[in-house]
Number of protein chains: 2
Amino acid sequence: MGIDAHRWLMTAPGAPLARERFDARAGVGEVVVAVAGCGVCHTDLGYYYDGVRTNHALPLALGHEVSGRVVDAGPGEERWLGKAVIVPAVLPCGECDLCRRGKTPICRAQKMPGNDIHGGFASHIVVPGRGLCEVDEARLASSGLTLAHVSIVADALTTPYQAVSRAGVGPGDLAIVVGAGGVGGYCVQVARAFGARVVAIDVDEAKLAAIGAHGASLTIDASAHDQKSIKAAIAAFAKSEGLRPTEWFIFECSGTPAGQLTAFGLLVHGATLSVVGFTMAKVEVRLSNLMAFDARAIGNWGCPPESYPAALDLVLDGKVALAPFVESHRLDDINRVFADVHHKVIKRRAVLEP
Amino acid sequence: MGIDAHRWLMTAPGAPLARERFDARAGVGEVVVAVAGCGVCHTDLGYYYDGVRTNHALPLALGHEVSGRVVDAGPGEERWLGKAVIVPAVLPCGECDLCRRGKTPICRAQKMPGNDIHGGFASHIVVPGRGLCEVDEARLASSGLTLAHVSIVADALTTPYQAVSRAGVGPGDLAIVVGAGGVGGYCVQVARAFGARVVAIDVDEAKLAAIGAHGASLTIDASAHDQKSIKAAIAAFAKSEGLRPTEWFIFECSGTPAGQLTAFGLLVHGATLSVVGFTMAKVEVRLSNLMAFDARAIGNWGCPPESYPAALDLVLDGKVALAPFVESHRLDDINRVFADVHHKVIKRRAVLEP
């Protein structure tokens, strides 16, 4: 007998998500996590509204930003029982040639909840025990955060963490974040925590105001400026602050063609452009500018589980503010919440709690 | 009194190059090199036929693949007198903050002959002594090459050398070179010398045949295959040879929109796309594929002078064949040679010798 559980299934793009009962049970190497919270990500909306295909056939429970408590553990994973955990958004197999060579982000046997396996819009989720990130509940309590809220560490925080870390951002660098939303806002805060001065660009004044109070030294409303004046404003900021005119770190987090064009247009000599957001759309760019500027563009798929503890530390140590950017909703309201996020009625990261 | 010298000036795009006499003299930190040979590069044709702007105002002598002998040396550079040298295509200043931090490719005070200063389509060229690459004349003689021919080490060889080196190609890797011409052909050979198995893609059967005999294990005529079948052919080759289906190293050397689209379309998980060729044209790509594949695109501007000796070693050690891919022409025939290279009458790298 497994645990009496339920989850909300996507049956087709745009069709109402449907509640389904299921027996949650842990197989070998697996655990059952009683979900505390699951964040609603742009990627979920891409599946649901834009027809981006999930790897697992529908019906499927979406949701890949999951925190909770381990309530059942299969053989080999008993050490997790009772622990508070974050489930990494991408779970590499840990055993293949790629994993052994440290290339876990491209493990071909990786499992992403809500894409390869049933996700976290559920009362319970069954996942491999390998790679879970333990949450220190004493520190969590001190931080004033709930276990549900740190669900968004998976993806919303760790994805920019990986991007900032991989790009090599350090003290005194200039970082530019395009798209200061669910992921980009944390990208601003992480880059700041790594020592950079940060410029945030968005088309939403409310988001810019919020991130201006949490890590961004300069905010630019892209809807009110053309590409040339945006670049000029950043160059002037860099000059006035004694930052370099070269080697800017640009993080494209909007996942929109307009944002990608803005980001690509900000290339300077020795720049690093990190492609963090996703869109199916193509953009027209002068690819040779990478050559002319001796610059690079780095794609980032998820974040290795090994880096989750360090990312979580930024939150628990108060270096990244999480509370102002999340809001709780009832899982049973998932259909309304999806619509409200899609129509930007909800502007903060929505966390669905069973 | 300087040395009685002459050079061929570009006065305007498309206008006949004009011979001009000048006094060649070395200032502080400079040398005068009696040119042995200067290679004709796609970049020269870009200035001359496509209106790409040189950094230095016209009139200007083009040519950035220069070898020769030092015949005069200014204060501080006397050690070079009489030596056979290759002049790096990009000469960083060596003194600025960027140079001190090892970021010489993006030094803002760098000098590129034939772009920032008068180039090598001349009897003599005046350049900074710093960063010259000495050519061991005994080894050169043993290799059967002329000093004029190794001019093309500057740029045609060192640029792909830097790209292959920076990308991190190693034994057992799969490298794919798009555009097997003046630069791409050497890219194939360098990647092979670094231990990779190499696939060459071009639209010119003669070039493919030539490079098939010098380092490429598989050649593909892009004019006879669509993007999908090219990728399938490479995947089949990788499988049959026991090479990885991931982490391909792709080198875009054609400097054409079609080549860039082909190269971008070959991204696989963990791929590295090196942008080596240049075109002013834009291309329409799904930039997010970098994210989805956890891949990266690296631009490469020139090659640090420090890497020239190692690149030259590949030639002198016979690991990179140079002779089959160059042909000598008289500098006085520069106008005809430019036209013949432009119209692909000359298919090998033309080296102009005074």
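The values are calculated or read from the model by the stated rules, or taken from the named source; none is laboratory data. Computed from a predicted model, the values in this text were never measured in an experiment. So basically every Cβ, Gly included, is an ideal-geometry build from the backbone, and we count neighbours across all protein chains shown. The accessibility values were calculated without ligands, DNA or RNA, using every heavy atom of the protein model including side chains. Shrake-Rupley method; radii C 1.70, N 1.55, O 1.52, S 1.80 Å.
Within segment B:278-294, restricting attention to residues that are open to solvent by less than 10 Å² (accessible area, probe 1.4 Å) and out of contact with any helix residue (DSSP H, G or I) (no Cβ under 6 Å at 6 or more places or on another chain), which residue is farthest from the other protein chains (Cβ to nearest Cβ)? If you could, list the steps in order and put the result at the bottom.
Residues of segment B:278-294 that are open to solvent by less than 10 Å² (accessible area, probe 1.4 Å), as a first pass: B:283, B:285, B:287-288, B:290.
Applying the additional criterion that residues be out of contact with any helix residue (DSSP H, G or I) (no Cβ under 6 Å at 6 or more places or on another chain) yields B:288, B:290.
Details: B:Ser288: 5, B:Leu290: 3 Å.
Looking at the filtered set, the residue picked out is B:Ser288.
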Within segment B:38-51, identify whether any single residue is within 30 Å of A:Arg244 (Cα to Cα) and either modelled with pLDDT under 95 or of a type in the set (A, V, I, L, M, F, W, C) (or both), and answer yes or no. yes
Based on what the data block shows, is A:Ile201 crowded, with 24+ Cβ neighbours inside 10 Å and either without any contact (Cβ under 8 Å) to a residue 60 or more places away in the chain or not in a helix (DSSP H, G or I) (or both)? yes
Selection count where residues are surrounded by fewer than 15 Cβ atoms within 10 Å (Cβ to Cβ), closer than 23 Å to A:Ile106 by Cβ and hydrophobic (A, V, I, L, M, F, W, C), scope segment A:295-343: 1
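Test of understanding: among A:Thr262, A:Thr272, which residue is in contact (Cβ under 8 Å) with a residue 40 or more places away in the chain, open to solvent by 10 Å² or more (accessible area, probe 1.4 Å), more than 7 Å from chain B (Cβ to nearest Cβ) and hydroxyl-bearing (Ser, Thr, Tyr)?
Details: A:Thr272 fails: open to solvent by 10 Å² or more (accessible area, probe 1.4 Å).
Step by step, each of A:Thr262, A:Thr272 is checked, and only A:Thr262 is in contact (Cβ under 8 Å) with a residue 40 or more places away in the chain, open to solvent by 10 Å² or more (accessible area, probe 1.4 Å), more than 7 Å from chain B (Cβ to nearest Cβ) and hydroxyl-bearing (Ser, Thr, Tyr).
Any chance you could count how many residues in segment A:106-125 are of a type in the set (S, T, N, Q), touching an Asp or Glu at 6+ places or on another chain (Cβ under 9 Å) and more than 22 Å from A:Gly82 (Cα to Cα)?
Within segment A:106-125, the subset of a type in the set (S, T, N, Q) is A:110, A:115, A:123.
Remaining after also requiring touching an Asp or Glu at 6+ places or on another chain (Cβ under 9 Å): A:110, A:123.
Filter again for more than 22 Å from A:Gly82 (Cα to Cα), leaving A:110.
So the answer is 1.
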Name the residues in segment B:52-109 that are in a loop (DSSP other than H, G, I, E, B), over 17 Å from B:Cys133 (Cα atoms) and β-branched (Val, Ile, Thr), would you? B:Val52, B:Thr54
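Just checking, which of A:Ala235, A:Ala297 is under 30 Å from B:Cys96 (Cα atoms), without any contact (Cβ under 8 Å) to a residue 60 or more places away in the chain, within 14 Å of another protein chain (Cβ to nearest Cβ) and assigned to a strand (DSSP E or B)? Before the answer, list the steps.
Working: A:Ala235 fails: assigned to a strand (DSSP E or B).
Within the list A:Ala235, A:Ala297, the selection yields A:Ala297.
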Take the conditions modelled with pLDDT of 95 or more and over 23 Å from B:Pro105 (Cβ atoms) and apply them to A:Ala200. Does it pass? yes
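Of these, A:Arg166, A:Arg130, A:Arg139, which one is over 17 Å from A:Ile86 (Cβ atoms), open to solvent by 10 Å² or more (accessible area, probe 1.4 Å) and either modelled with pLDDT of 95 or more or over 14 Å from the mean Cα position of the chain (by Cα) (or both)?
On the way: A:Arg130 fails: over 17 Å from A:Ile86 (Cβ atoms); A:Arg139 fails: over 17 Å from A:Ile86 (Cβ atoms).
Only one candidate passes the filter, namely A:Arg166.
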Flagged in segment A:11-47 as in contact with a helix residue (DSSP H, G or I) (Cβ under 6 Å, 6 or more places away or on another chain) and within 19 Å of A:Glu353 (Cα to Cα), in numbering order, are A:Pro16, A:Leu17, A:Gly37, A:Cys38, A:Gly39, A:Val40, A:Leu45
Residue ID - farthest from the other protein chains (Cβ to nearest Cβ), chosen from residues in segment A:300-342 that are basic (Lys, Arg) and in contact (Cβ under 8 Å) with a residue 12 or more places away in the chain: A:Arg330
Of the numbered conditions (1) open to solvent by less than 30 Å² (accessible area, probe 1.4 Å); (2) modelled with pLDDT under 95; (3) acidic (Asp, Glu), B:Glu65 fails exactly one; give the number of that condition. (2)
Members of segment B:237-259 found to be open to solvent by 60 Å² or more (accessible area, probe 1.4 Å) and of a type in the set (Gly, Ala, Ser), listed by number: B:Ser240, B:Gly242, B:Ala258
So how many residues does segment B:304-354 have that are of a type in the set (S, T, N, Q) and over 30 Å from B:Arg100 (Cβ atoms)? 2
Among the residues of segment B:298-308, are any modelled with pLDDT under 95, touching a helix residue (DSSP H, G or I) at 6+ places or on another chain (Cβ under 7 Å) and among the β-branched types (Val, Ile, Thr)? no
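Name the one entry in A:Leu267, A:Leu243 that is part of a loop (DSSP other than H, G, I, E, B), touching a strand residue (DSSP E or B) at 6+ places or on another chain (Cβ under 6 Å) and within 14 Å of another protein chain (Cβ to nearest Cβ). I'd like the intermediate steps shown before the answer.
Numbers: A:Leu267 fails: touching a strand residue (DSSP E or B) at 6+ places or on another chain (Cβ under 6 Å).
Only one candidate qualifies: A:Leu243.
Within segment A:83-101, work out how many residues are small (Gly, Ala, Ser) and touching a residue at least 60 places away in the same chain (Cβ under 8 Å). Steps first, answer last, please.
Residues of segment A:83-101 that are small (Gly, Ala, Ser), as a first pass: A:84, A:89, A:94.
Retained after the next criterion (residues that are touching a residue at least 60 places away in the same chain (Cβ under 8 Å)): A:84, A:89.
Of the residues in that region, 2 qualify.
Any residue at all in segment B:146-168 that's in a loop (DSSP other than H, G, I, E, B) and more than 28 Å from B:Pro354 (Cβ to Cβ)?
In the first step, residues of segment B:146-168 are kept if they are in a loop (DSSP other than H, G, I, E, B); the result is B:146-148, B:154-157, B:168.
After this cut, where a residue has to be more than 28 Å from B:Pro354 (Cβ to Cβ) as well, the list is B:168.
Yes, the conditions are met somewhere in segment B:146-168.
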